[in-house]
1. State the extension gain, in nm to one decimal, for the chain segment bounded by LEU305 and ARG27, taking 0.36 nm per residue of separation less the distance between their alpha-carbons.
2. Which value, in nm² and rounded to one decimal, describes the direction-averaged projected area of the C-alpha convex hull of the range 34-85?
3. Please turn the phi angles of the range 5-15 into ³J(HN,Hα) values with the Karplus equation 6.51 cos²θ - 1.76 cosθ + 1.60 (θ = phi - 60°), one per residue in order, whole Hz, x for glycine and proline.
4. With a 1.4 Å probe and all protein chains left in place, how much of the accessible area of the range 124-363 comes from carbon and sulfur atoms, in whole percent?
5. Taking the Cα centroid of the range 134-149 and of the range 155-225, what is the distance between the two, rounded to the nearest whole Å?
6. Which cross-chain or sequence-distant (5 or more) residues have an amide H under 5 Å from the amide H of ASN252, H modelled 1.01 Å from N in plane?
7. Which order do peptides 305-312, 78-85, 215-222 fall in by mean Cβ count within 10 Å, highest first?
8. Mind putting together the pair-distance distribution for the range 277-354? All Cα pairs, 10 Å bins, whole percent per bin, short to long.
Amino acid sequence: MDFTTIKTIEDLDKIYPKHILDKFPIRGKGPFEHVSDSDWYDWHWQLSNRITTLDQLKKIINLTNDEQEAFKLGSAMFKMAITPYYASLMDRNDPHCPVRMQSVPAKGELTVLPTDLKDPLGEDKDMPVPGLTHRYPDRVLFYVSHDCAMLCRHCTRKRKVANPTSAALRQHVEDGLKYIRENRQIRDVVVSGGDPFHLANDKLDYILGELRKMDHVEVVRLGTRNPVTLPIRVRDDGLLQVIQKHQPIHINTHYNHPKEMTREALLANTRLALAGADLGNQSVLLKGINDDEKIMTELCHKLLLMKIRPYYVYQCDLAEGISHFRTPISKGIEIIEKMRGWTSGLAIPQYVIDAPGGGGKIPMNPNYFVKKEGNKVTIRNFKNNQYDYYEVDE
Ligand code: SF4
């Protein structure tokens, strides 16, 4: 079986048993029922019909006064753009809907704390050429697009995403490729943005093809949120042919809440896996959205059903205007502690803080060490039962 035989959500019946399919609800088009199937399932139509104005948004959801005010005061700082697909998942009346909170401006965005940072991960200071961050010896972050299907309200790259003046120029892409070509210690390239799935297939094909010509480049990773915000993009066989052509390809996506895991999302990830991609997920711990062990556990269980490894859960970083999404670090550790032992280790992501200023990812873990006396080390398990382990003398 390959991706060309699984084209629609009906085809998923050929692969999965009913009890698995039932976990991924079939969502209608919601307020877009009038749109023809040929438009709805065309990713270009989805992009050119993104919801970007208050009037368009008012037709889809009942906006609160706070949301309207946030849009009026805040959209100059960070635009709104929501695909019709993602908008169709929003609750019309509930401002706490996790899909709505990630896509509709909120008043919290107007607050910039003195400790907030424009470039929270210090990505711009480690750029040997524009559009490429080289911080670790053997790997680089290569920005090939500065737009995304949807503009996430919690985005860490707000300073660049959807800012036309920072668009990844063709020359930047060429300069980035040249840099990677000339620096043979680079083994691992993260192709990101923005979103590389935002590129036309031939452009992505070109970039991946150039990378694959370099015999020192082994790992190629694509960071994309399209499987979440525009899974219809993955109905495009041309995209999957590109992915299949340049193996091995790892794809990291960004699901934050089980509500994003629809039958269309299952189709997209099934097709990506059938095209040979290895799939991972990087979620962000977001207050009021997924800062709860039950939600995080359901999210991770459903990721595994879609063949996606829960890779990281990030502490929400210090980007400007996202402090309303931040939880205490202790909340993240508590969630991991409540998952560990109660579900498989495969379902537990590594909780990390991407250190402000460019320190890299620092793991945050519950402490299972109790004490050490001589060569006896006392540790505790997930039920708080203690066990002694004896080290050999050095
Ligand atoms: S998909 Fe990623 S880069 Fe794009 S807006 Fe969302 S968080 Fe930012």
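1. Details: separation 278, 0.36 × 278 = 100.08 nm, distance 1.83 nm.
Working it through step by step, the gained length comes to 98.2 nm.
2. Orientation-averaged projected area of the Cα hull: 4.0 nm².
3. For the range 5-15, the Karplus curve yields 9, 10, 10, 10, 5, 5, 5, 5, 4, 6, 10 Hz.
4. Carbon-and-sulfur percentage of accessible area, whole number: 54.
5. Value for the Cα centre distance between the two parts: 6 Å.
6. Sorted by chain and number, the residues that satisfy this are LEU222, GLY223, THR224, GLY280.
7. 78-85, 305-312, 215-222
8. With 10 Å bins starting at 0, P(r) equals 20, 53, 24, 3.
The values are calculated or read from the model by the stated rules, or taken from the named source; none is laboratory data. On a predicted model such as this, the values are computed, not experimentally measured, just so you know. Because the Cβ atoms are built from the backbone with ideal geometry, glycine has one as well, and the counts that use them run over all protein chains shown. SASA here: full protein model, heavy atoms, side chains in, ligands and nucleic acids out. Shrake-Rupley method; radii C 1.70, N 1.55, O 1.52, S 1.80 Å.
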